Each structure stands twice: as structure tokens, then as C-alpha cells.
Amino acid sequence: MKRDLGRLTILDVLLIAALLVLPGWALVRSWRAAGERPVVRVFQSNRLLGVYQLDHDQVILIGDQARPDMKLEIKGGAIRVAESDCPKGVCIHAGWVRTPGRSILCIPNRVLIEIRGESKDYDAESY
């Protein structure tokens, strides 16, 4: 069985095209993600309450406006739970959170606060 090595098949052309296009696509996608600013997503009982920019200082009240269950504060590119009516206040002790991928959870109030966006920090490295 003699095979002509100088002749390309359709599968060879598709493989070469994929090997050339995929790295370029990944590079463009990473450039686009690097320009995204981190945002805070606040959920209560698996329902999205709102999406907030970390670069706008503001106070967010969760629950009844007259007597809120929680008070969140966004300041200087970070978020924290300033006040909460939960018994142990674990969410308050989490402090200021600013890194994408981090979150604050208040189980008694059923509130999840998560930061989404491109992180410059690494969770792990491999060699």
C-alpha cells in the first residue's frame, strides 16, 4: 500500500484550519474578557435581585425598605455586608470582598453575593 504524502485530504485541510483558527479565537476572547469590569450579583432564595458595578459606591438594602434584613455596601471596588439581622453575623465577618470568583453567603437570610469578572489572580499553577 503506497500513500502519496504530498497530497492533502479534506480532513487534513480542516485539521490545519482548526489549528490555525482556534488559538486566534482564544486570544481575541481573552482580550475581550480582560476589558470587562467586575460586577456583583446578589441573589436571595435563588432569585437574582440585581447586578451592580463595583466601581460605583452605593448602599443596597435587602428585604423591607423600612426594616431591611441586610445592608450591603459597595465602596472602592469592594463589597461587604454592613448590617445583617442574622444570629451569628458570619456574613458580616467576611469583610470586604473584591476578587472575582469570591462570594459572601448568608444562610439565614438566603442571600448569595458573588463577584463575577476577569481575575488577574491565579487559583493554581501547574508545571
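Taken together, the values in this text are just the output of simple stated rules run on the coordinates, not laboratory data. Values in this document were obtained by computation on a predicted structure and should not be read as measured data. Note: ideal-geometry Cβ built from the backbone for every residue, glycine included; neighbour counts use all protein chains shown.
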Calculated from backbone phi, Karplus (6.51, -1.76, 1.60) coupling profile of the stretch 55-64 in Hz, x at Gly/Pro: 8, 10, 5, 6, 10, 10, 9, 10, x, 5
Inter-site label distance for ARG29 and ALA82 at 7 Å from Cα along Cβ, in nm: 3.9
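Arranged by the count of other C-beta atoms within 10 angstrom, fewest first, what order do CYS91, CYS86 take? All intermediate terms of the calculation are to be shown ahead of the outcome.
On the way: CYS91 22, CYS86 16.
So the residues, fewest neighbours to most, are CYS86, CYS91.
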FRET efficiency, 1/(1 + (r/R0)^6) with R0 35 Å, evaluated for ARG37 and ILE107 via beta carbons: 0.75
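Order these by the 10 Å Cβ neighbour count, fewest first: TRP25, TRP96.
Values: TRP25 9, TRP96 14.
Ordered from fewest to most neighbouring Cβ atoms within 10 Å, TRP25, TRP96 come out as TRP25, TRP96.
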Under Karplus coefficients 6.51, -1.76 and 1.60, residue-wise ³J(HN,Hα) of the stretch 41-46 in Hz, glycine/proline x: 10, 10, 10, 9, 6, 6
For ASP57, net neighbour charge (Lys/Arg +1, Asp/Glu -1) across residues whose Cβ lies under 10 Å away: -1
For the stretch 70-113: rounded, prolate or oblate by the Cα gyration tensor [a/c cutoff 1.5]: prolate
Extension gain (nm, one decimal) between HIS56 and LEU14, 0.36 nm per residue minus Cα-Cα: 10.4 nm
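Taking neighbour counts of Cβ atoms within 10 Å as a proxy for exposure, in what order, fewest first, do ASP57, ASP69 appear? Please report the intermediate quantities before stating the final value.
Details: ASP57 11, ASP69 18.
Ranked by crowding around the Cβ, least crowded first: ASP57, ASP69.
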